Amino acid sequence: MSAHAKASLVVSSWYGDLGGGELRLLDHVRNTRFPKAQIRALLNAPGDLDLALRELGVRTHVIRWKAGQSWLARQVHWYGAKLRATLRLLGTPRGVFVANTFPDLETTGRVAAALGWTVVWRARADTFTEVHQWPPERLHELVRFLNRRVARIVATTHYEARLMRAAGVAPDKIFVVHNGVDLDRYADESAGTALRAAAGWGAGEFVIAFVARMVPQKGWEVLFEAVAQARAAGVPVKVLAAGDTTLMDGDPDAYRRSLRDQASRLGLADHIRFLGFRSDVFAVMKAADAFVLASRIEPFGTTVIEAMAAGRAVIASDLPGPRESVIDEKTGLFFPAGEAEALAAAMGRLAADRELCWRLGQAGRERAERVFDLQHNIDELDCLCTDLATTTWQSTDCESRKNNDDREK
């Protein structure tokens, strides 16, 4: 038996619904070399992730770090959660602990570190991009904790890795492993053809795929305004809009209604199909001619690489996350985040030049094959974990390697 089969892998997730980070965690658990019997999950909330992990044979425990109405009740519950996490970890053979988000690192991850677990943080490009807003002492404490108590930091982007090093995080702890997609699922055109036909749209229409959580930061309002402007200019654009109010604070139903009201007010009711949450994103991408990412904030944007895997041109907000994936004028087009007029112009350009749209999509597929293959990237992440499970286990197919900025992007 390989040495890593004797060690535990514990994964932690702050969110219970299936957003991008949670789906990537499932990808890792599904493909890891650790036997499923040796994997545990400590979750902050119940939900679809809990159910999916259980279906994979993983034992899950819901800790619930936040509860209570008053300040005192919340404090009591917080320390109770800390005790519950401690007891769960003490009852598990020590191994590797993977914090799937920054809140996981700050809660269960700190408990694991205090108990002597080997901690890996899967940094999702949304922490060090914000530290300029922090009090200096908070940043200094985090950097000290990472340097002293965290074994490896696995960033999803090169730009956040650079920010970490600039803040003082030890460079030899930082590795970059992009999110990946299952390229094989994006090879078949039939599911997309069926979905497009079900929408009632023929080959002559210019169809945009929009796949995003239904939350303000994803730019739904910007998209709708851009589509209205494009149609007013004579561009026959239609939209397949997939996504729901996953992980949204506030009133999800009210926000959902506001988007439908906006679409109707702009005269788009017949030109947008609201698909809700879809597990077959590949079909949505294949049903479209191009994909739009209209986010106002986007740490990475896995949907971008899903579109590229489907061979579809990308139009994306000009943000560091999409810049990590899309090559301007080669695999897609950028527009200033939040500017509906510029987005409308980009859609009009691709609708008028279908050859350009096709070329961008084909180049995107080639780039996805080189850089964003799921199995390759999961293997890299898993190797970083299995290498830590023991200092004696070695494998020729699993050599952790440093991802420097000079790696092909």
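The values are calculated or read from the model by the stated rules, or taken from the named source; none is laboratory data. Every value quoted in this text rests on a predicted model; they were computed, and no experiment measured them. Backbone-built Cβ (ideal geometry, glycine too); neighbour counts: all protein chains shown. Just so you know, the surface numbers come from the protein's heavy atoms only, side chains and all, with ligands and any DNA or RNA stripped out. Shrake-Rupley method; radii C 1.70, N 1.55, O 1.52, S 1.80 Å.
Within region 181-209, residues that are free of Cβ contacts under 8 Å to residues at least 40 places away in the same chain sit with their Cβ atoms under 6 Å from residues that are surrounded by fewer than 18 Cβ atoms within 10 Å (Cβ to Cβ), at 6+ positions apart or across chains, in these pairs: E205/P236. A single member of A99, A81, A45, A73 is modelled with pLDDT under 95, within 25 Å of the chain's Cα centre (by Cα) and on the phi < 0 side of the Ramachandran plot, and it is A45.
For region 48-89, the set of residues classified as within 22 Å of A113 (Cβ to Cβ) and in contact with a Leu (Cβ under 8 Å, 6 or more places away or on another chain) consists of T60, H61, V62, I63, A85, T86, R88, L89, listed by residue number.
Taking V222 as the residue in question, decide whether it is open to solvent by less than 60 Å² (accessible area, probe 1.4 Å) and assigned to a strand (DSSP E or B). Spelling it out, it is not the case that V222 is open to solvent by less than 60 Å² (accessible area, probe 1.4 Å) and assigned to a strand (DSSP E or B).
Taking strands (runs of 3 or more DSSP E) that do not extend beyond region 19-136, which have at least 2 residues that are touching a residue at least 24 places away in the same chain (Cβ under 8 Å), open to solvent by less than 40 Å² (accessible area, probe 1.4 Å) and touching a helix residue (DSSP H, G or I) at 6+ places or on another chain (Cβ under 6 Å)?
39-43, 96-99, 118-123
The set of residues in region 322-337 that are in contact (Cβ under 8 Å) with a residue 40 or more places away in the chain and either open to solvent by less than 30 Å² (accessible area, probe 1.4 Å) or touching an Asp or Glu at 6+ places or on another chain (Cβ under 7 Å) (or both) comprises E324, S325, A337. Restricting region 137-162 to residues that are among the basic types (K, R) and without any contact (Cβ under 8 Å) to a residue 60 or more places away in the chain, the residue that is most open to solvent (accessible area, probe 1.4 Å) is R148.
Please go through region 163-188 and pick out each residue that is of a type outside the set (A, V, I, L, M, F, W, C), within 20 Å of V304 (Cβ to Cβ) and either open to solvent by 70 Å² or more (accessible area, probe 1.4 Å) or outside any loop (DSSP other than H, G, I, E, B) (or both).
Selection gives D184, R185, Y186.
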